[in-house]
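Asker: Following this message is one structure expressed as structure tokens.
The values are calculated or read from the model by the stated rules, or taken from the named source; none is laboratory data. Because the structure is predicted, anything quoted here is derived from the model rather than measured. As a convention, Cβ positions derive from the backbone with ideal geometry for all residues, glycine included, and neighbour counts pool all protein chains shown. Heads up: the accessible areas ignore ligands, DNA and RNA and are worked out on the full protein's heavy atoms, side chains in. Shrake-Rupley method; radii C 1.70, N 1.55, O 1.52, S 1.80 Å.
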Amino acid sequence: MPDVTSPTPAISLFPEVRRHTVSRYLYSHFAEHIGRCVYEGIWVGDNPKIESYDGIRKDVVESLKDVALPALRWPGGCFADSYHWMDGVGPREKRPRRHNLWWNQPEPNSFGTDEFMRFAAMIGTDPYFCLNVGSGTVEEACSWVEYCNSTQNCAMATLRKENGHPDPYQVKFWGVGNENWGCGGNMRPDYYADLYRRYATYLRGLVGPEGRLIACGSYSNIPDWDERFFANLKGGNCLHLVDYIALHNYSGQGRSELEFTEEEYYSLLGQIEVTEKAITRACGLAQAYSTFGHRIGVFLDEWGTWWKEATTANGVYQQNTMQDALFAATCFHLFHTYGEWLYMTNMAQTMNVLQALILTRGPEMTVTPTYHVYEMFKPHRDAALIAVTTANMPHVKLSDGAEREAISVSATAAPDGNELFISLLNLDLKNSYDLSLGVPHAEGWKVARARVLGGGDIHDHNTFEEPQKVLPVDFQAGEGSLPLSLKLPVGSITTVELTRQA
Ligand code: AHR
């Protein structure tokens, strides 16, 4: 328990001081042909034991509708640079079976472009396709864009129509390769930059004015990749060919999904600094290489926890506890602060792989604590980040002796200005805190809804036997008027919605 003499932590909100809009795309996701993410996680074909919408898993679709992912990156990952999209269109019985090289599993190609687009429409997400640069060609990449988007009387649009899709899909986001410094071809930055220039020269016109081209950026251990990429493009007057640079960053490697100590949890929080440094650096570069006519931004294309249990041998599957949920929520608070420079983040991966939202076991399904963070934080999307001041904040020690505030807060105002949404994380595993929350310069705010996730053991997680162990719970927040006294349980995520009469 905290020292009873400690002054109460206090948070003041200033809705009139708006910083920037929180891009809804920060809450996007990533689904690769790896393990049981696509096959079983999305596509069940004619398996009589699993209910589906013509092959697409029903329970997963219904659960993903509730989190309304703004964009979904597909088909990889490392898989993308070995994927030939023509293998995955046309009559399914004629599609070739291939060896999924990176993840050492068969690839039946039953789930291809048209199936993905049907799935994306069902769950209401924007498609984000990653093109094959590592083992593909410019022609293959261009023909995929034509297949998806062309309205002209040309071979690829005709093929799409013959496959039952008369209207173009209008895919906006196109990644030009994945991890091309590694599984995407082991390239040097200048070699990739030269290839990028060639691909993007032809893609730019095809994707049209609304289309966005995303370059492969660095992982935090190869920091000069981004600098050298941008310098190369600038040298060739080609900066207009890149809209976003995409980073990858995983956390927690070498640690266990369930068997972890409190010290390991705090050290995971400490690792967020690595992600922060990588994003800050990339945003600085994007800013430096942007011009008045052409702004470049940053994606965090892959992120999340990667525990030691997730190996190629087990399909990169891992469990997901309240630790993962607190990690995700803390990262989202960080992502909110970058404004328009950080435009999209895609956690890896949606089903059954790494920090998944959904786990399946044959016909059974459960959502994870991380899923609940995506669902609870929905009001932050496209809202304005507002100024917040804090007082009397307690601290927790991270593993390297560094400290951080034990309570993390992020507050946004809806576009009409009559709704505020506040997420509050108690990162402390020993102490719950009483907190005062107020809007000092305004009257009339009332609590519309308050919810809490967690507050028990940090190891808590959902299983097929107990699928609702970790679930957000609504609670009555004081008398409902401000300033509000709130109790933040240990290791918990609280959200408060405030409304005001117009
Ligand atoms: O998400 C799993 C893998 O991690 C992706 O395929 C790759 O891009 C990254 O190394």
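Asker: Can you confirm whether the range 391-398 contains a residue that is buried (at least 24 other Cβ atoms within 10 Å of the Cβ), more than 16 Å from the ligand (Cβ to nearest atom) and more than 27 Å from Trp307 (Cα to Cα)? Spell out how you get there, then give the answer.
Answerer: Taking the range 391-398 first, the residues buried (at least 24 other Cβ atoms within 10 Å of the Cβ) are none.
No, there is no match, as no residue in the range 391-398 is buried (at least 24 other Cβ atoms within 10 Å of the Cβ), more than 16 Å from the ligand (Cβ to nearest atom) and more than 27 Å from Trp307 (Cα to Cα).
Asker: Also, quick follow-up: May I ask you to verify whether Ala348 is open to solvent by less than 20 Å² (accessible area, probe 1.4 Å), under 28 Å from Trp174 (Cα atoms), modelled with pLDDT of 95 or more and away from the ligand (no atom under 14 Å from the Cβ)?
Answerer: Criteria not met by Ala348.
Asker: Further, regarding this structure: With (1) within 16 Å of the ligand (Cβ to nearest atom); (2) among the charged types (D, E, K, R); (3) open to solvent by 20 Å² or more (accessible area, probe 1.4 Å) as the list, and Asp59 as the residue in question, which single condition is left unmet?
Answerer: All conditions pass for Asp59, except number (1).
Asker: Taking the residues in the range 247-273 that are within 15 Å of the ligand (Cβ to nearest atom) and among the small types (Gly, Ala, Ser) as candidates, determine which candidate is surrounded by the most Cβ atoms within 10 Å (Cβ to Cβ).
Answerer: Applying the filter and picking the extreme gives Gly252.
Asker: To continue, here is another question. Being out of contact with any Phe, Trp or Tyr (no Cβ under 8 Å at 6 or more places or on another chain), of a type outside the set (D, E, K, R), modelled with pLDDT of 95 or more and surrounded by fewer than 20 Cβ atoms within 10 Å (Cβ to Cβ): is that true of Ser432 here? Please lay out each step first, then the result.
Answerer: Numbers: out of contact with any Phe, Trp or Tyr (no Cβ under 8 Å at 6 or more places or on another chain): yes; of a type outside the set (D, E, K, R): yes; modelled with pLDDT of 95 or more: yes; surrounded by fewer than 20 Cβ atoms within 10 Å (Cβ to Cβ): yes.
In short, yes.
Asker: Moving on to the next point. Going by the structure shown, is Leu285 more than 14 Å from Ser251 (Cα to Cα), within 13 Å of the chain's Cα centre (by Cα) and more than 16 Å from the ligand (Cβ to nearest atom)?
Answerer: It is false that Leu285 is more than 14 Å from Ser251 (Cα to Cα), within 13 Å of the chain's Cα centre (by Cα) and more than 16 Å from the ligand (Cβ to nearest atom).
Asker: Next question, about the same structure. Return the only residue of Gly478, Gly455 being farther than 24 Å from Phe332 by Cα and of a type outside the set (Ser, Thr, Tyr).
Answerer: Gly478
Asker: Just wondering, is there one or more residues in the range 306-319 that are part of a helix (DSSP H, G or I), of a type in the set (A, V, I, L, M), open to solvent by 10 Å² or more (accessible area, probe 1.4 Å) and within 15 Å of the ligand (Cβ to nearest atom)?
Answerer: As a first pass, look at the range 306-319 and keep what is part of a helix (DSSP H, G or I): 312-314.
Okay, now just the ones that are also of a type in the set (A, V, I, L, M), so 313.
From what is left, the residues that are open to solvent by 10 Å² or more (accessible area, probe 1.4 Å) are 313.
Imposing the further condition that a residue be within 15 Å of the ligand (Cβ to nearest atom) reduces the set to 313.
Yes.
Asker: Within the range 353-384, count every residue that is hydrophobic (A, V, I, L, M, F, W, C) and open to solvent by 10 Å² or more (accessible area, probe 1.4 Å).
Answerer: Qualifying residue count for the region: 3.
Asker: What number of residues within the range 236-289 satisfy the criterion of being among the polar types (S, T, N, Q), without any contact (Cβ under 8 Å) to a residue 12 or more places away in the chain and farther than 24 Å from Ala402 by Cα?
Answerer: Residues meeting the conditions: 1.
Asker: Find all pairs meeting these conditions: Cβ atoms under 8 angstrom apart; at least six residues apart or on different chains; first residue within the range 378-398 and under 19 Å from Pro7 (Cα atoms) and assigned to a loop (DSSP other than H, G, I, E, B); second residue aliphatic (A, V, I, L, M) and open to solvent by 10 Å² or more (accessible area, probe 1.4 Å).
Answerer: Close Cβ pairs (under 8 Å, with a partner that is aliphatic (A, V, I, L, M) and open to solvent by 10 Å² or more (accessible area, probe 1.4 Å)) amount to Asn392/Ala10.
Asker: Under the condition of being at pLDDT 95 or above and not hydroxyl-bearing (Ser, Thr, Tyr), which residue from the range 488-502 is farthest from Thr321 (Cα to Cα)?
Answerer: Per the criteria, the residue is Leu498.
Asker: Could you check the range 270-328 and list, in sequence order, the residues that are under 29 Å from Asn232 (Cα atoms), of a type in the set (A, V, I, L, M, F, W, C) and out of contact with any helix residue (DSSP H, G or I) (no Cβ under 7 Å at 6 or more places or on another chain)?
Answerer: Val274, Ala278, Ile279, Ala288, Phe292, Phe299
Asker: Test of understanding: among Ala450, Ala413, Ala477, which residue is of a type in the set (A, V, I, L, M, F, W, C), open to solvent by less than 30 Å² (accessible area, probe 1.4 Å) and over 26 Å from the mean Cα position of the chain (by Cα)?
Answerer: After ruling out the rest, the residue left standing is Ala477.
Asker: Looking at Thr330, Thr360 in this structure, which one is outside any strand (DSSP E or B), more than 16 Å from the ligand (Cβ to nearest atom) and not hydrophobic (A, V, I, L, M, F, W, C)?
Answerer: When all the criteria are applied, what remains is Thr330.
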